[in-house]
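The values are calculated or read from the model by the stated rules, or taken from the named source; none is laboratory data. It should be emphasised that the depicted structure is a prediction, and the values quoted were computed from it without experimental measurement. All Cβ positions, even for glycine, are placed from backbone atoms using ideal geometry, and neighbour counts span all protein chains on display. Accessible surface areas use protein heavy atoms only, side chains included; no ligands, DNA or RNA. Shrake-Rupley method; radii C 1.70, N 1.55, O 1.52, S 1.80 Å.
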Amino acid sequence: KHLALQKTPSLEFCTVCLFAYGPYFLAEGLRLSGIMAILSSGIVMSHYAHYNLSFMTQVTVQQVFRTFAFLAESCVFAYLGMAIFSFTHSFHPAFIIWSIILCLVGRGLNIGLLTILANRFRQTKITPQQQFIMWFSGLRGAIAFALALHLPFDEETKQVIVSTTLIIVLFTILVMGGATMPATKLVTYWAERQTGRARLASEDRQQLDQSSDMSQDEGEYVHVQTNPSSPTSDEYMLSKTVEFGRSMNIDDVDDNVAGNYGWAKWDEKYFIPFFRKRFTQQEIRQACNEMQDLTTKWHTDVEGGSQLIEDDDEHSL
């Protein structure tokens with residue numbers, strides 16, 4: 001926050017990487033969960049540290065981490081595919097079926113209980129349709145398979161657990177993962193129908209109220225606002241890289257603290273001003289101009305390269 005690293009994007013990017021992976025190495029050294037450490041570090045840095053970066057480094061961090069995540073995910077799925085033919089398997093159909101059922105039931109209970117708790121502190125509630133998609137799209141993958149491989153059991157028991165875990169992973173990825181998009185469309189269609197019916201019922205009630213008021217007050221009626229405007233505090237945090245001023249200037253957010261409650265109120269009142277850097281309008285304009293100059297330069301280079309290729313093709317012909 002207090003270091004002027006905006007002038008050296010490379011050093012800024014390296015600092016982000018060090019602070020992101022530092023908790024992982026520390027947790028592994030203490031024989032704790034490195035996965036939970038890097039997950040917590042990512043959540044905290046995404047909420048606080050990301051806004052202290054220059055716009056150029058924000059874009060670089062997002063694209064680089066997204067690329068590495070895609071490569072790691074591809075390697076994981078390749079490893080799972082090769083595991084089908086690389087290990088000695090022992091399948092027990094009853095154990096596999098009951099394991100899948102218990103996994104689905106356990107995930108449903110977790111999502112139901114946690115969303116009930118979360119909705120008590122959220123302005124935008126998690127709807128039952130969203131809860132269903134969260135439950136249906138819960139895929140099992142590399143972590144479950146890696147844990148199964150490192151269980152301290154005898155060889156026969158370990159073969160059964162590894163084979164069952166692999167079947168569950170393939171079932172959730174292929175069957176439930178492949179059906180997630182149709183399920184999402186179906187749930188969205190059903191939710192839109194329910195919303196349409198509720199809107200029609202609300203309009204009918206409003207028309208009845210208006211007609212009743214007009215008959216009693218000789219044409220005078222009171223306007224009813226059926227869709228009050230929601231607080232605008234979330235508008236500043238929709239995207240980290242849409243616009244530099246919206247993502248970096250947190251002074252605008254302080255006026256909306258009264259619209260939040262619970263952790264969000266404490267976060268915006270105390271933690272965000274403490275951990276995030278406030279950028280001046282001059283720094284914001286300078287960053288926008290730098291990005292515009294870079295974009296213009298890249299566009300010019302691409303056009304120049306295309307023109308050179310066309311000239312070479314004409315000379316070769």
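Taking the residues in region 71-88 that are part of a helix (DSSP H, G or I) and open to solvent by 70 Å² or more (accessible area, probe 1.4 Å) as candidates, determine which candidate is nearest to Leu174 (Cα to Cα).
Going through the qualifying residues, I end up with Phe77.
Can you name the condition, by its number, that Trp98 falls short on among (1) assigned to a helix (DSSP H, G or I); (2) open to solvent by less than 70 Å² (accessible area, probe 1.4 Å)?
Every listed condition holds for Trp98 apart from (2).
Report, by residue number, each residue of region 31-54 that is outside any helix (DSSP H, G or I), open to solvent by 40 Å² or more (accessible area, probe 1.4 Å) and not hydroxyl-bearing (Ser, Thr, Tyr).
Arg31, Leu32
Among Ala27, Ala20, which is the only one that is farther than 23 Å from Phe274 by Cα, in contact with a Gly (Cβ under 7 Å, 6 or more places away or on another chain) and assigned to a helix (DSSP H, G or I)?
Within the list Ala27, Ala20, the selection yields Ala27.
Considering region 147-172 alone, what residues qualify as being open to solvent by 40 Å² or more (accessible area, probe 1.4 Å) and under 20 Å from Cys75 (Cα atoms)?
Leu147, His150, Ile167, Leu170, Phe171
In this structure, is Phe91 open to solvent by 90 Å² or more (accessible area, probe 1.4 Å) and either of a type in the set (Phe, Trp, Tyr) or on the phi > 0 side of the Ramachandran plot (or both)?
Numbers: open to solvent by 90 Å² or more (accessible area, probe 1.4 Å): yes; either of a type in the set (Phe, Trp, Tyr) or on the phi > 0 side of the Ramachandran plot (or both): yes.
For Phe91, the condition - open to solvent by 90 Å² or more (accessible area, probe 1.4 Å) and either of a type in the set (Phe, Trp, Tyr) or on the phi > 0 side of the Ramachandran plot (or both) - is met.
Counting just the residues of region 275-317 that are under 18 Å from Ala49 (Cβ atoms) and modelled with pLDDT under 75, which one comes out most open to solvent (accessible area, probe 1.4 Å)?
Checking each candidate, the answer is Arg278.
Residue check: is Arg120 under 18 Å from Leu102 (Cα atoms) and open to solvent by 40 Å² or more (accessible area, probe 1.4 Å)?
no
For Lys185, which of the numbered conditions (1) among the basic types (Lys, Arg); (2) assigned to a helix (DSSP H, G or I); (3) surrounded by 15 or more Cβ atoms within 10 Å (Cβ to Cβ) fails to hold?
(3)
Please tell me if Phe132 is assigned to a loop (DSSP other than H, G, I, E, B), touching a helix residue (DSSP H, G or I) at 6+ places or on another chain (Cβ under 9 Å) and either open to solvent by 80 Å² or more (accessible area, probe 1.4 Å) or of a type in the set (Ser, Thr, Tyr) (or both).
No.
Can you tell me which residue is nearest to the chain's Cα centre (by Cα) among those in region 135-146 that are at pLDDT 80 or above and surrounded by 15 or more Cβ atoms within 10 Å (Cβ to Cβ)? Break it down stepwise before answering.
Filtering region 135-146 down to residues at pLDDT 80 or above leaves 135-137, 143-146.
Those still in the list that are surrounded by 15 or more Cβ atoms within 10 Å (Cβ to Cβ) too: 135-137, 144-145.
Numbers: Trp135: 16, Phe136: 17, Ser137: 14, Ala144: 21, Phe145: 24 Å.
If we take residues in region 135-146 being at pLDDT 80 or above and surrounded by 15 or more Cβ atoms within 10 Å (Cβ to Cβ), then Ser137 is nearest to the chain's Cα centre (by Cα).
What single numbered condition from (1) assigned to a helix (DSSP H, G or I); (2) touching a residue at least 60 places away in the same chain (Cβ under 8 Å); (3) more than 23 Å from Phe274 (Cα to Cα) fails to hold for Phe91?
Going through the list (1) assigned to a helix (DSSP H, G or I); (2) touching a residue at least 60 places away in the same chain (Cβ under 8 Å); (3) more than 23 Å from Phe274 (Cα to Cα), Phe91 breaks only (1).
Of the conditions (1) within 19 Å of Arg278 (Cα to Cα); (2) part of a helix (DSSP H, G or I), Lys7 fails just one. Which one is it?
(2)
Do the conditions hold for Arg107, that is, is it among the basic types (Lys, Arg) and open to solvent by less than 90 Å² (accessible area, probe 1.4 Å)?
Working: among the basic types (Lys, Arg): yes; open to solvent by less than 90 Å² (accessible area, probe 1.4 Å): yes.
So Arg107 passes the test.
Under 7 Å between Cβ atoms, at least 6 apart or on separate chains: pull out the pairs that start in region 117-138 with a residue that is charged (D, E, K, R) and end on any residue that is surrounded by 15 or more Cβ atoms within 10 Å (Cβ to Cβ).
none
When you go through Thr57, Thr15 one by one, which is the residue that is in a helix (DSSP H, G or I), more than 27 Å from Leu166 (Cα to Cα), free of Cβ contacts under 8 Å to residues at least 60 places away in the same chain and touching an Asp or Glu at 6+ places or on another chain (Cβ under 6 Å)? Talk me through it step by step, then tell me what you get.
Numbers: Thr15 fails: touching an Asp or Glu at 6+ places or on another chain (Cβ under 6 Å).
One residue alone meets the criteria, Thr57.
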